[in-house]
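Everything below concerns the one structure shown next.
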Amino acid sequence: MTRTRYRQLAIVTTFGICFLVVAGGVVRLTGSGLGCDDWPNCNDERFIDVSSGHAAIEQLNRLLSGVIGIPTLLLVIAGFRAAPRGSGLRWPAVGVLVSVLANGVVGGMAVLGDLHPFLVQSHFMLAMVSIAFGLVAVRAASERPIPWREVSASNRIHLQVLGVVVMTAAALATGTVVTGAGPHAGEEDVRRYGFDIGSVARIHSVTVILAVACGVLLAWTVTRQAKTLQASMSSWLFVAIVQGVIGYAQYFNGVPEVLVGLHIAGATLLWVATVRLGLSGLDVAEGSEPPPVDTPETERVFGLPVTNV
């Protein structure tokens, strides 16, 4: 096993988990959440059952979950064989495996619990944790190490990047609450949150606006002090704005399944962009501000710089 193979496995695993999130959204939006009403068996009579459309969709989702377990396990093996202890490859690989296994258990509990909204919400958020570990694994396999020890609480860019990550995570969390109170439960007549959908949607909108505001502030700082962050910052802003447009479009059009599906895919992509931005922000060292305007040929008159010609 080499670091290159480790990185390839990390990319495949992360992409697979992202795909599973979208596939899980398809299960819910087609009303197939209880197509298999038992776990790990499909039902009381069969381990595998494709006798109905809903059962087939849920069964395919479970099959995909099992398939993605293969590169996840290989990633852990590669992490222990590709580099020695302390290389930074082992813990993110173990984090992916543990979170994926935990999510499998939560998914089973969601089925046995008749798609309780809290369990469905936890199912999604755990997938975001797995994606984060996967992206850390991808970055850890690169030639430059992740500078965890160089993170400074006094570094303005580090704090602003942290603000974007935290507010994006909050936006995703409040979005799952909206889902738990909304109409697309994965099955008819299952328990929903008793919140007013309009109220929770407004709370979600506020967290989204705050996340975008943090992103705009960081973008302004980046253009002045950390141009190495411009690519990842631009990607984040683009995905965030598109995701916001889709969110408002689905809300004002009665949350149609197609737009909801796009919103789920957009949320996953936004989280990928967020984690990548966070990892890129770690490379910005303390004191990365640009040099002062004044030069040896510059004097100040009444506090204003005047260049001698």
Take Arg192 and decide whether it is of a type in the set (D, E, K, R) and within 30 Å of Gly35 (Cα to Cα). yes
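Yes or no, residue by residue, for (1) on the phi > 0 side of the Ramachandran plot; (2) surrounded by 15 or more Cβ atoms within 10 Å (Cβ to Cβ); (3) of a type in the set (Val, Ile, Thr); (4) outside the structural domain of Leu34 (by TED's automatic domain parsing):
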site	(1), (2), (3), (4)
Ile70	no, no, yes, no
Leu74	no, yes, no, no
Ile77	no, no, yes, no
Leu89	no, yes, no, no
Pro92	no, yes, no, no
Val96	no, yes, yes, no
Val100	no, yes, yes, no
Asn103	no, yes, no, no
Gly107	no, yes, no, no
Scan (1) under 24 Å from Gly24 (Cβ atoms); (2) in the same structural domain as Val120 (by TED's automatic domain parsing) for the single condition His184 breaks and write down its number. (2)
From the list Ser199, Ser152, pick out the single residue that is more than 23 Å from the chain's Cα centre (by Cα), more than 21 Å from Thr13 (Cβ to Cβ) and modelled with pLDDT of 90 or more. Ser199
Checking Trp236, Trp220 in turn, the sole residue that is aromatic (Phe, Trp, Tyr), outside the structural domain of Phe15 (by TED's automatic domain parsing) and under 24 Å from Leu20 (Cβ atoms) turns out to be Trp236
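Look at region 153-201 and say how many of its residues are touching a Leu at 6+ places or on another chain (Cβ under 9 Å) and of a type in the set (Ser, Thr, Tyr). Give the steps one after another, and end with the answer.
As a first pass, look at region 153-201 and keep what is touching a Leu at 6+ places or on another chain (Cβ under 9 Å): 153, 157-158, 160-161, 163-165, 167-168, 170-172, 184-187, 190-191.
Those still in the list that are of a type in the set (Ser, Thr, Tyr) too: 168.
Going through region 153-201 one residue at a time, the tally reaches 1.
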Restrict the check to region 84-91 and report whether at least one residue is within 26 Å of Leu270 (Cβ to Cβ), over 16 Å from the mean Cα position of the chain (by Cα) and either modelled with pLDDT under 95 or not in a helix (DSSP H, G or I) (or both). yes
Within region 230-271, count every residue that is hydroxyl-bearing (Ser, Thr, Tyr), out of contact with any Cys (no Cβ under 7 Å at 6 or more places or on another chain), within 24 Å of Thr30 (Cα to Cα) and buried (at least 18 other Cβ atoms within 10 Å of the Cβ). 1
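The values are calculated or read from the model by the stated rules, or taken from the named source; none is laboratory data. Everything quoted here is computed from the prediction, not taken from an experiment. All Cβ positions, even for glycine, are placed from backbone atoms using ideal geometry, and neighbour counts span all protein chains on display.
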